[in-house]
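I have placed the structure first, in the form of structure tokens, so that the comments after it can refer back to it.
The values are calculated or read from the model by the stated rules, or taken from the named source; none is laboratory data. What you see is a predicted model, and the numbers here were worked out from it, not measured in a lab. Virtual Cβ from ideal backbone geometry, glycine too; neighbours counted across all protein chains shown.
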Amino acid sequence: MCLAIPAQIIEIRDADQAVVDLAGVKKEVSLALVENVAIGDYVIVHVGFALNKLDPEEAAETLALFNEMAAEDRAALLGQQ
């Protein structure tokens, strides 16, 4: 199973590289597969590559779902203790 996650571009570097924010974690990714991105845009990231640009509302919805799943996992773990 593959997982691609939304990330916000916070810095654009030379040679098709950018720094993205993945839920507070900063990671350098390649922009070689996407065009017309700017700081503040959201992209889908998989194995170090931005695959496509993402609508900000869709990114927010997806990130909210990830947060909800994480909260449910934490609650389940706490319930087992």
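What the table shows:
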| read-out | value |
| --- | --- |
| One residue from Gly40, Gly79 being outside any strand (DSSP E or B), of a type outside the set (D, E, K, R), in contact (Cβ under 8 Å) with a residue 24 or more places away in the chain and surrounded by fewer than 12 Cβ atoms within 10 Å (Cβ to Cβ) | Gly40 |
| Residue, nearest to Val20 (Cα to Cα), within region 53-81, restricted to residues that are among the small types (Gly, Ala, Ser) and over 11 Å from the mean Cα position of the chain (by Cα) | Ala64 |
| Region 27-37: number of residues that are assigned to a loop (DSSP other than H, G, I, E, B) and surrounded by 15 or more Cβ atoms within 10 Å (Cβ to Cβ) | 3 |
| Hey, Val34 closer than 13 Å to Ile12 by Cα and β-branched (Val, Ile, Thr) or not | yes |
| Options Ala23, Ala18, Ala7, Ala50: the member that is at pLDDT below 90 and either exposed (fewer than 14 other Cβ atoms within 10 Å of the Cβ) or within 13 Å of the chain's Cα centre (by Cα) (or both) | Ala23 |
| Residue in region 58-65 that is touching a residue at least 12 places away in the same chain (Cβ under 8 Å) and either under 18 Å from Asp14 (Cα atoms) or part of a strand (DSSP E or B) (or both) present | no |
| Selection count, region 44-81, where residues are touching a helix residue (DSSP H, G or I) at 6+ places or on another chain (Cβ under 9 Å) and among the β-branched types (Val, Ile, Thr) | 1 |
